[in-house]
1. Mind listing which GluC sites (Glu not before Pro) in the range 25-131 are in a DSSP loop and have 14 or fewer other Cβ atoms within 10 Å?
2. Divide by every residue of the chain the summed helix terms, -39500 (n - 2.57) for each DSSP H run of at least 4, and state the resulting mean residue ellipticity at 222 nm, rounded to the nearest 500 deg cm²/dmol.
3. Kindly give Rg over Rh for the chain, based on alpha-carbon atoms, with the Kirkwood expression for the hydrodynamic radius.
4. Given 0.36 nm per residue, what is the gain on full extension from residue 131 to residue 36 after removing their alpha carbon distance, in nm?
5. Cα axis of helix 120-131 to longest principal axis of the chain: angle in degrees, 0 to 90, nearest 10?
6. Apply the Karplus curve 6.51 cos²θ - 1.76 cosθ + 1.60, θ = phi - 60°, to the phi angles in the range 97-111 and return the couplings in whole Hz, x for Gly and Pro.
7. Set the Förster radius R0 to 30 Å, insert the Cβ-Cβ distance between residue 46 and residue 24 as r into 1/(1 + (r/R0)^6), and round the FRET efficiency to 0.05.
8. What is the set of long-range amide H partners of residue 112 at a cut-off below 5 Å, with H atoms built 1.01 Å from backbone N?
Amino acid sequence: MTNQALIDALRDADAVQYGEFELSHGGTSDYYVDKYLFETNPQCLELISAAFAAEIDEPKLAGVALGAVPLVAVTAVETGRPYVIARKQAKEYGTGNRIEGRLDEGEEVVVLEDIATTGTSAVEAAEALREAGAVVNRVLVVVDREEGAAETLAEHDLELDALVTASELLADQ
């Protein structure tokens, strides 16, 4: 099922850009989905939080720092579910936590992420959550670039669900 309203909102926010772009994993692409443009757009956030809410069964949410923090926050408000933030590495100050927020042993958590390319950051977040005692089986992203994230996540016993795929987002462009 295509989430056409979200696709239109992402396009209207100019979040899809064309040219030559270097991606965080070191590869290049002829298009770029600018998460900062959709994560700072109230209409996009409203549509994303409603779409995430419709897909979530797990009692707790987790957002990958820094990119998914706005997404997990608005989704927590939409669903009334608590959330935690998974950092790529522990802070070197304060409490030194890698997981921020309350997380109890055995809690079932869904990881929310902005864009999935290789899936590496989502795997790292899920592993950090699992090390902290959470049960993590699924990652829910706004956009799946369809560049191997689903396969990478599957290798770590994680299912990838996306609100929008790159194929859908780039169709008719």
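Nothing in this text is a laboratory measurement; each read-out follows from the coordinates by a stated rule. Everything numeric in this text was worked out from a predicted model, so none of it was measured. For neighbour counting, all protein chains shown are included, and Cβ atoms are generated from backbone atoms with ideal geometry for every residue, glycine included.
1. Values: sites: 39, 46, 55, 78, 92, 100, 105, 107, 108, 113, 124, 127, 131; in loops: 92, 105, 107.
Counting only loop positions with at most 14 other Cβ atoms within 10 Å, the GluC sites (Glu not before Pro) in the range 25-131 are 92, 105.
2. Values: 7 runs with 63 residues, N = 173.
Mean residue ellipticity at 222 nm (helix-derived): -10500 deg cm²/dmol.
3. Numbers: Rg = 15.5 Å, Rh = 16.2 Å.
Dividing the radius of gyration by the Kirkwood radius yields 0.95.
4. Working: separation 95, 0.36 × 95 = 34.20 nm, distance 2.94 nm.
Taking 0.36 nm per residue and subtracting the Cα distance, the gain is 31.3 nm.
5. Once rounded, one gets 20 degrees.
6. 6, 8, 10, 9, x, 8, 9, 9, 3, x, 5, 8, 10, 10, 8
7. Working: r = 27 Å, r/R0 = 0.88.
Once rounded, the FRET efficiency stands at 0.70.
8. Answer set, sorted by chain and number: 62, 63, 64, 140.
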